[in-house]
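Read through the structure below, which is laid out as C-alpha cells, and then see the notes.
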Amino acid sequence: MKLNRLRNWALGLIFLAFIVMYLGVFATSLMPFLFTIGTLMILVSVFIYFRVGAMSMRIPTLECPHCQKKTKVMGIEDGCMYCHGLIRVELDEAGELYAVPRSKTT
Ligand SMILES: [Zn+2]
C-alpha cells in the first residue's frame, strides 16, 4: 500500500509537471523557468518510479490474512494493497515470513 501511494504520488507529479509546462505557453517570459521546473519534476517522478520498481522486487510478497491475495508488505506493518486491511509481518521458527492480521486497537 505504501508503494502504491508512492506510485500515485509520482504519477501526480508528472501531471503537475505537464501543467507547469503548459502554463509556460501562456507566460512566455517565464517559459524557460517553468520548462526547467517541469523537466526536473518529470525526472524526479521517473526516479521515484525506478525506486518503487527496485523496491517491489526486494520486499516480500505475503498472503493477506484478510482477503487471501498476495500483497507486498513494506516494513513490519503495512496495509493490504487490495482490501486495505492492516497486516503485521512475523517470523516463524524456520525464519519464514508470514503475515498476521493486525487489530486497529493495538
Ligand atoms: Zn487483503
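Here the Gaussian network model covers the chain, with springs between Cα atoms less than 10 Å apart; of GLU96, GLU77, GLU63, GLU96 fluctuates the most. Close amide-amide hydrogen proximity is noted between ARG88 and VAL100, ARG102, each under 5 Å apart and 5 or more residues distant or on a separate chain (H modeled in the peptide plane; Pro and chain starts excluded). For the stretch 63-103, the set of trypsin sites (Lys or Arg not before Pro) satisfying both a DSSP loop assignment and a count of at most 15 other C-beta atoms within 10 Å is given as LYS69. Taking the chain, each Cys residue has a second Cys beta-carbon under 4.7 angstrom. For the chain, with the dipole built from +1 on Lys and Arg beta-carbon atoms and -1 on Asp and Glu ones, taken about the Cα centre, which of VAL44, LEU91, PRO65 lies farthest toward the positive end? Final value for the positive-end residue is VAL44. Here LYS72 is the anchor, and the aspartates and glutamates within straight C-alpha reach of less than 17 Å, apart from those fewer than 8 places off in the same chain, are GLU63, GLU90, GLU96. Counting only alpha carbon atoms, the long axis of helix 31-58 and the longest principal axis of the chain meet at about 20°.
Here the spin labels are modelled as points 7 Å beyond Cα on the Cα-Cβ line, and at ILE19 and VAL44 they lie 1.4 nm apart. Here the Karplus curve 6.51 cos²θ - 1.76 cosθ + 1.60, taken at θ = phi - 60°, turns the phi angles of the stretch 77-93 into couplings of 10, 7, x, 5, 5, 9, 9, 6, x, 6, 10, 10, 9, 10, 10, 8, 4 Hz, with x standing for Gly and Pro.
Placing pseudo-labels 7 Å out from each Cα toward the beta carbon at ALA27 and SER56 gives an inter-label distance of 3.5 nm.
All of the numbers you see were taken from the coordinates with simple rules; none came from a lab. All values reported here derive from a predicted model rather than from experimental measurement. Please note: Cβ atoms are built from the backbone with ideal geometry, for glycine as well, and neighbour counts cover all protein chains shown.
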